[in-house]
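Undergrad: The structure is given below, and queries will be raised subsequently.
The values are calculated or read from the model by the stated rules, or taken from the named source; none is laboratory data. Here the structure is a predicted model, which is why all the values come from computation and not from measurement. Glycine also receives a Cβ, built like all others from the backbone with ideal geometry; neighbour counts cover every protein chain displayed.
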Amino acid sequence: MAKKAKNGKSVPKMVYYFGKTKTEGKGAEKSLLGGKGLNLAEMTSIGLPVPPGFTITTEVCDLYYKAGEKLPAGLSDEINAAVKTLEKETSKKFGDDSDPLLVSVRSGAAVSMPGMMNTILNLGLNDVATEGLAKATKNERFAYDAYRRLINMFGDVVVGMDHHVFETAFDAVKKKYKVNEDTDVPAEGLKQLCEDYKAVYKKHTGEEFPQDPMVQLEKSIMAVFGSWNTSRAVRYREIENIRGLLGTAVNVQSMVYGNMGDDSGTGVAFTRNPNTGENKFFGEFLINAQGEDVVAGIRTPQPVAEMPKWNRAVHKELIAIKKTLEDHYAEMQDIEFTIERGTLYMLQTRTGKRTGVAAVKIACDMVKEKLIDQKTAVLRVPANDLTQLLLPSFKPTARNAADVLCRGLPASPGAAVGKLAFTAEDARKEADAGNRVILVRKETSPEDVDGMNAAAGILTSTGGMTSHAAVVARGWGKCCVAGAGEIDIDAKGKKIKVAGRTFGVNDVISLDGTTGEVMSGEVETQEPKLSGDFSRLMKWADEYRTMAIRTNADSPADSKRARDFGAEGIGLCRTEHMFFEGDRITDMREMILSDDEDSRRAALKKLLPHQRKDFEGIFKAMNGLPVTVRLLDPPLHEFVPHDTAGQGTVAKQMGLKPKDVKRRVEALHEANPMLGHRGCRLSVTFPEILEMQVQAIVEAAINCAKKKIKAQPEIMIPLVGTANELELLRGKVEDTIEATKKAKKFEGKLDILIGTMIEIPRAALTADEIAKYADFFSFGTNDLTQMTFGYSRDDVNTFLPDYLSQDVLEVDPFQSLDTSGVGQLVEMGFQKGRSTKPQLKVGICGEHGGDPASIAFCNKVGLNYVSCSPFRVPIARLAAAQAALQQA
Ligand code: PEP
Ligand code: MG
């Protein structure tokens, strides 16, 4: 919506009103009004009891930054008009001396960022209006308490004063009245405190606390816009990969109070259990408290199930609202509500964050309840969240024997083990050093997000199931135990005392996020079991996806696990992994360190039966599904010892002198081994290695055929950069297949495909020529990324963190495919390959094959399959289905 400005240019509408008078934002874009603003409008429009107010759009935030942190022209007129409507609707006036209009000012971006941005409450109070509020509520104490909270919050959020200066003033008043608790300070004391706060404000800012509510409002709006770019908000968006937003909207809403006495209260709830997905209203409330008290986790609230004992009618109303909301949104909601003197008000609703387990159950249940269809259910579960279902839990035997120290709230399920870290910085430091840590805090604050992200688990001593720690941890699928009140964290933050024992930074504890228990030491973990809902969702996903999902596996056990997870073949069997097991490495080293072909062949002969046995095991486990076996790829130096002791052992095994072994190892040295003698280049130099591997594959397939096990091997030649390489090596593979069949007197049919990896940029550029000699392509996007960027896969961490923190790169290109660069090569390689062979089978087997965003790209390009590690197979199945549905 836009209107003409005085200069004739059209300006966007900046303020949207919601209330009984009108609801302008209904059906607007979330990107414009933010999640909170849009939902306040929606809730108002479906008749829920929402205190009226208005939303300033995210476009205004963008304009604010573009103008050098200034509010745009015309905004104040729109705000004035909205305030007038609000005054009329509430029959209250800003700054009134009898019953003043008071508002809250809150942030609200299009994507939820819990606790990351600023809020100001009780705005509109000044010296006169506070007297008015005292009169209207007949509660002077309440009025001055509200005023002191406003001055404090305004000082803190708008002018950036240190919270401690207010605390010191409060302590002085408490001392004067000889009380310990804030709540015991009498009205007189709070009146005095307001004067003290104003003085403190003046001392720190050089200005009087603003008495004009419109000035308060304008400054607060600017402060909320300002909080969009604080370092913690920026870091949160980085971690959550939230991009492309204009900024935050600002919601100005008439205040309701949950702290007006014992008939008032406030709470937070989910329409279903966000941990388990159970269809049961799940929430907490606090009697006589402000909303922030629940979220901040300062007091431990009661479960909503207890509410009927306190106010049956409100509980009933809430349960009815649960249904109205779910019918309207067809989605689980996370709500905030306040009860002011027995009247219920809805302050917020949004899609509820949930664990992966809950996401799957809720999606399946909602299909059963006919709230959503199967396609929606498939699209509802973030593919990466399935990791949580596939994560380990504690082994029951170890769990039963565990030394339980105490029990907190089961805030986010899972199992976590680690050393203690008492600050977010320490947690980050330890995690970066490769250690698992449990971040222990009294309560977490938004500043802790980075440490929470780095930790294996989070433990807090106060706070409820909806505290910041719990909400954030659940969103991340990170194990969290909150409100473990028996834990005493020492003042210096170096140790905890619990159950009469002390634990410091070098001690390990275990957290059970599903029961809330805290245990001493390391409790052994185990692999998860999957629910019926999980299989149901996977079945639906399989109906919609068009790409096949394979796995990268090189042992029968991994192959079996991947099949159980739904893999439809092996897309990459890295044969080099088979050479490290047991004493095979000795034969391998002997082969590598041989001086001539004869001794190399003698060593390879010893390796052959091992390879054959491995392949047989894998073919058996895959039982008829295709198995892509890649011929030896890494540079040979990776298999030999580089230290004197290791070389001494090898010398003894081979009957050589240590100095000869040293000389041969040194001869393998290359300045750039990843660009050196590896991949197909090894087979060009040492065709006997290729011959042994192909012979093993063919003999294994023949052995399977004899046992009536169908084997479908595909032989893949790595690191091809020219068609000639493939032409040459394909010939050798074909000759070896024929020779082996002949030697084994095998007359049956063996359909063995011969293909290549496309992992060198030149291969992608000349894929039409290469395809002449290939039955299939598989994009090796690890190497393709390495060689396209020119970043060494092994050394990229020396600068990648800087690139990410300085936004040189948005994401690690080794984790998520760089679609605009490397992706072009994938697309080109695919098209050129298909131009030569329209039926060419094409897949991807780099790590990107398990990343949902990369999978979506592969689907768009038209690949036949993606291949990923066994644990990511379900994620890939779901991501492929989502891509197919979204791109249809
Ligand atoms: C690749 O390069 O993408 C690949 C799958 O091979 P590797 O990681 O073994 O080099
Ligand atoms: Mg590779």
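Undergrad: Given the residues Gly283, Gly265, which is the only one that is of a type in the set (Gly, Ala, Ser) and under 31 Å from the mean Cα position of the chain (by Cα)? Before the answer, list the steps.
TA: Numbers: Gly265 fails: under 31 Å from the mean Cα position of the chain (by Cα).
After ruling out the rest, the residue left standing is Gly283.
Undergrad: Another one. Can you pull out the strands (runs of 3 or more DSSP E) entirely within the range 469-566 that have at least 2 residues that are over 23 Å from the mean Cα position of the chain (by Cα)?
TA: Values: elements: 479-482, 495-498, 501-504, 508-512, 517-520, 548-552.
Once the strands (runs of 3 or more DSSP E) in the range 469-566 are filtered for at least 2 residues that are over 23 Å from the mean Cα position of the chain (by Cα), what remains is 495-498, 501-504, 508-512, 517-520, 548-552.
Undergrad: Among Asp794, Asp802, Asp812, which is the only one that is at pLDDT below 95, within 16 Å of ligand 2 (Cβ to nearest atom) and farther than 30 Å from Glu738 by Cα? Spell out the reasoning first.
TA: Working: Asp802 fails: within 16 Å of ligand 2 (Cβ to nearest atom); Asp812 fails: within 16 Å of ligand 2 (Cβ to nearest atom).
One residue alone meets the criteria, Asp794.
Undergrad: Keeping to the range 398-431, report how many residues are part of a helix (DSSP H, G or I), over 19 Å from Lys495 (Cβ atoms) and free of Cβ contacts under 8 Å to residues at least 24 places away in the same chain.
TA: Filtering the range 398-431 down to residues part of a helix (DSSP H, G or I) leaves 398-400, 424-431.
With the extra rule that they be over 19 Å from Lys495 (Cβ atoms), the set shrinks to 398-400, 428, 431.
The next check asks that each one be free of Cβ contacts under 8 Å to residues at least 24 places away in the same chain; those that pass are 400.
Going through the range 398-431 one residue at a time, the tally reaches 1.
Undergrad: Oh, and also: Restricting attention to the range 580-599, which residues are hydrophobic (A, V, I, L, M, F, W, C) and outside any loop (DSSP other than H, G, I, E, B)? Don't jump to the end; show me each part of the working.
TA: Here is the first cut: in the range 580-599, the ones hydrophobic (A, V, I, L, M, F, W, C) are 580, 585, 588, 591-593.
Across the range 580-599, the qualifying residues are Ile585, Met588, Met591, Ile592, Leu593.
Undergrad: Would you point out which residue out of Ala764, Ala700 is part of a helix (DSSP H, G or I), within 16 Å of ligand 1 (Cβ to nearest atom) and crowded, with 24+ Cβ neighbours inside 10 Å?
TA: On the way: Ala700 fails: within 16 Å of ligand 1 (Cβ to nearest atom).
Checking each option against the conditions leaves just Ala764.
Undergrad: Has the range 481-493 got at least one residue that is within 30 Å of Asn241 (Cα to Cα) and without any contact (Cβ under 8 Å) to a residue 12 or more places away in the chain?
TA: Step one: filter the range 481-493 for residues within 30 Å of Asn241 (Cα to Cα), giving 481-483.
Of the ones still in play, those that are also without any contact (Cβ under 8 Å) to a residue 12 or more places away in the chain are none.
Within the range 481-493, not a single residue is within 30 Å of Asn241 (Cα to Cα) and without any contact (Cβ under 8 Å) to a residue 12 or more places away in the chain.
Undergrad: Check Cys573 against each of (1) within 16 Å of ligand 1 (Cβ to nearest atom); (2) part of a helix (DSSP H, G or I) and name the one condition it does not meet.
TA: (2)
Undergrad: Count, please, the residues in the range 554-571 that happen to be at pLDDT below 95 and within 16 Å of ligand 2 (Cβ to nearest atom).
TA: Summing the residues that are at pLDDT below 95 and within 16 Å of ligand 2 (Cβ to nearest atom) in the range 554-571 gives 1.
Undergrad: Identify the residue in the range 24-45 that is touching a Ser or Thr at 6+ places or on another chain (Cβ under 6 Å) and surrounded by fewer than 20 Cβ atoms within 10 Å (Cβ to Cβ) and, among all such residues, is nearest to Ile321 (Cα to Cα).
TA: The residue in question is Ser45.
Undergrad: Could you go through the range 275-282 and let me know if any residue there is outside any loop (DSSP other than H, G, I, E, B), over 30 Å from Lys93 (Cα atoms) and in contact (Cβ under 8 Å) with a residue 12 or more places away in the chain.
TA: Looking only at the range 275-282, we keep the residues that are outside any loop (DSSP other than H, G, I, E, B), and these are 282.
Going one step further and asking which of them are over 30 Å from Lys93 (Cα atoms), we end up with 282.
Still in the list and also in contact (Cβ under 8 Å) with a residue 12 or more places away in the chain: 282.
Yes, the range 275-282 has at least one match.
Undergrad: Which one is nearest to the chain's Cα centre (by Cα) among residues in the range 220-262 that are assigned to a loop (DSSP other than H, G, I, E, B) and hydrophobic (A, V, I, L, M, F, W, C)? Break it down stepwise before answering.
TA: Applying the first criterion (assigned to a loop (DSSP other than H, G, I, E, B)) to the range 220-262 yields 228-230, 241-248, 255-262.
Then drop every residue that is not hydrophobic (A, V, I, L, M, F, W, C), which leaves 228, 242, 245-246, 255-256, 260.
Details: Trp228: 20, Ile242: 11, Leu245: 18, Leu246: 22, Met255: 34, Val256: 35, Met260: 39 Å.
Looking at residues that are assigned to a loop (DSSP other than H, G, I, E, B) and hydrophobic (A, V, I, L, M, F, W, C), I get Ile242.
Undergrad: Which residues, taken from the range 375-402, are surrounded by 20 or more Cβ atoms within 10 Å (Cβ to Cβ) and not aromatic (Phe, Trp, Tyr)? Spell out the reasoning first.
TA: Filtering the range 375-402 for residues surrounded by 20 or more Cβ atoms within 10 Å (Cβ to Cβ) gives 377-378, 380-381, 383, 385-386, 388-389, 394, 399, 402.
Passing the criteria: Ala377, Val378, Arg380, Val381, Ala383, Asp385, Leu386, Gln388, Leu389, Arg399, Ala402.
Undergrad: While we're on this one: Could you say whether any residue in the range 723-738 is away from ligand 2 (no atom under 16 Å from the Cβ), assigned to a loop (DSSP other than H, G, I, E, B) and either buried (at least 21 other Cβ atoms within 10 Å of the Cβ) or in the same structural domain as Thr575 (by TED's automatic domain parsing) (or both)?
TA: No: zero hits.
Undergrad: Does at least one position in the range 677-684 carry a residue that is on the phi > 0 side of the Ramachandran plot and within 16 Å of ligand 1 (Cβ to nearest atom)?
TA: Just the residues of the range 677-684 that are on the phi > 0 side of the Ramachandran plot, to begin with: 679.
Among the residues that remain, those that are also within 16 Å of ligand 1 (Cβ to nearest atom) are: 679.
Scanning the range 677-684, I find at least one residue that is on the phi > 0 side of the Ramachandran plot and within 16 Å of ligand 1 (Cβ to nearest atom), so the answer is yes.
Undergrad: Which condition does Asn859 not pass, out of (1) in contact (Cβ under 8 Å) with a residue 40 or more places away in the chain; (2) within 16 Å of ligand 1 (Cβ to nearest atom); (3) over 30 Å from Gln695 (Cα atoms), if it passes all the others?
TA: Unmet for Asn859, out of (1) in contact (Cβ under 8 Å) with a residue 40 or more places away in the chain; (2) within 16 Å of ligand 1 (Cβ to nearest atom); (3) over 30 Å from Gln695 (Cα atoms): (2).
Undergrad: Select from the range 639-674 the residues that are free of Cβ contacts under 8 Å to residues at least 24 places away in the same chain and under 29 Å from Tyr791 (Cα atoms) and write down the one among them that is nearest to ligand 2 (Cβ to nearest atom).
TA: Asn672
Undergrad: Hey, could you check the range 767-788 for residues that are surrounded by 24 or more Cβ atoms within 10 Å (Cβ to Cβ) and assigned to a loop (DSSP other than H, G, I, E, B) and say which is nearest to ligand 2 (Cβ to nearest atom)?
TA: For the range 767-788, the residue satisfying everything is Gly780.
Undergrad: Here are the criteria: (1) in contact with an Asp or Glu (Cβ under 7 Å, 6 or more places away or on another chain); (2) modelled with pLDDT of 95 or more. Tell me which single one Val866 does not satisfy.
TA: With respect to (1) in contact with an Asp or Glu (Cβ under 7 Å, 6 or more places away or on another chain); (2) modelled with pLDDT of 95 or more, Val866 is out only on (1).
Undergrad: Of all residues in the range 821-848, count the ones that are touching a Lys or Arg at 6+ places or on another chain (Cβ under 8 Å) and either within 12 Å of ligand 1 (Cβ to nearest atom) or over 16 Å from Phe777 (Cα atoms) (or both).
TA: Result for the range 821-848: 2.
Undergrad: Looking only at the range 647-657, how many residues end up being under 12 Å from Leu593 (Cβ atoms) and part of a helix (DSSP H, G or I)?
TA: Within the range 647-657, residues that are under 12 Å from Leu593 (Cβ atoms) and part of a helix (DSSP H, G or I) number 5.
Undergrad: Just need a number here: residues in the range 835-856 that are crowded, with 24+ Cβ neighbours inside 10 Å and not acidic (Asp, Glu). Working first, answer last.
TA: In the first step, residues of the range 835-856 are kept if they are crowded, with 24+ Cβ neighbours inside 10 Å; the result is 842-846, 848-851, 854-855.
Checking the rest, the ones that are also not acidic (Asp, Glu) come to 842-846, 848-850, 854-855.
Residues meeting the conditions: 10.
Undergrad: Going through the range 325-358 one residue at a time, which ones are surrounded by fewer than 15 Cβ atoms within 10 Å (Cβ to Cβ) and of a type in the set (Ser, Thr, Tyr)? Don't jump to the end; show me each part of the working.
TA: Let us first name the residues in the range 325-358 that are surrounded by fewer than 15 Cβ atoms within 10 Å (Cβ to Cβ), namely 327, 341-343, 351.
Within the range 325-358, Thr343, Thr351 qualify.
Undergrad: Within the range 796-820, track down each residue that is within 15 Å of ligand 1 (Cβ to nearest atom) and farther than 23 Å from Gln882 by Cα.
TA: To start, the set of residues in the range 796-820 that are within 15 Å of ligand 1 (Cβ to nearest atom) comprises 796, 812-818.
Hit for the range 796-820 is Val796, nothing else.
Undergrad: Based on what the data block shows, is Gly624 away from ligand 2 (no atom under 16 Å from the Cβ), in the same structural domain as Gln712 (by TED's automatic domain parsing) and either exposed (fewer than 15 other Cβ atoms within 10 Å of the Cβ) or of a type in the set (Phe, Trp, Tyr) (or both)?
TA: Numbers: away from ligand 2 (no atom under 16 Å from the Cβ): yes; in the same structural domain as Gln712 (by TED's automatic domain parsing): yes; either exposed (fewer than 15 other Cβ atoms within 10 Å of the Cβ) or of a type in the set (Phe, Trp, Tyr) (or both): yes.
Against the criterion (away from ligand 2 (no atom under 16 Å from the Cβ), in the same structural domain as Gln712 (by TED's automatic domain parsing) and either exposed (fewer than 15 other Cβ atoms within 10 Å of the Cβ) or of a type in the set (Phe, Trp, Tyr) (or both)), Gly624 qualifies.
Undergrad: What are the residues in the range 105-135 that are part of a helix (DSSP H, G or I) and either modelled with pLDDT under 90 or of a type in the set (D, E, K, R) (or both), if any?
TA: So the first thing to find is which residues in the range 105-135 are part of a helix (DSSP H, G or I), and the list is 127-135.
Once the filter is applied, which keeps residues that are part of a helix (DSSP H, G or I) and either modelled with pLDDT under 90 or of a type in the set (D, E, K, R) (or both), the range 105-135 yields Asp127, Glu131, Lys135.
Undergrad: Could you name every one of the helices (runs of 4 or more DSSP H) located completely within the range 798-872 that has at least 1 residues being assigned by TED's automatic domain parsing to the domain that holds Ile242? Working first, answer last.
TA: Numbers: elements: 800-805, 822-836, 852-861.
Those helices (runs of 4 or more DSSP H) do not exist here; none qualify.
Undergrad: Among Ala169, Ala199, Ala134, which is the only one that is within 25 Å of Asp262 (Cα to Cα) and either in the same structural domain as Ser227 (by TED's automatic domain parsing) or hydroxyl-bearing (Ser, Thr, Tyr) (or both)?
TA: Working: Ala169 fails: within 25 Å of Asp262 (Cα to Cα); Ala199 fails: within 25 Å of Asp262 (Cα to Cα).
Just a single option satisfies the conditions, and that option is Ala134.
Undergrad: Would you say Ile618 is surrounded by 21 or more Cβ atoms within 10 Å (Cβ to Cβ), touching a residue at least 12 places away in the same chain (Cβ under 8 Å), among the aliphatic types (A, V, I, L, M) and more than 16 Å from ligand 2 (Cβ to nearest atom)?
TA: Working: surrounded by 21 or more Cβ atoms within 10 Å (Cβ to Cβ): yes; touching a residue at least 12 places away in the same chain (Cβ under 8 Å): yes; among the aliphatic types (A, V, I, L, M): yes; more than 16 Å from ligand 2 (Cβ to nearest atom): yes.
Yes.
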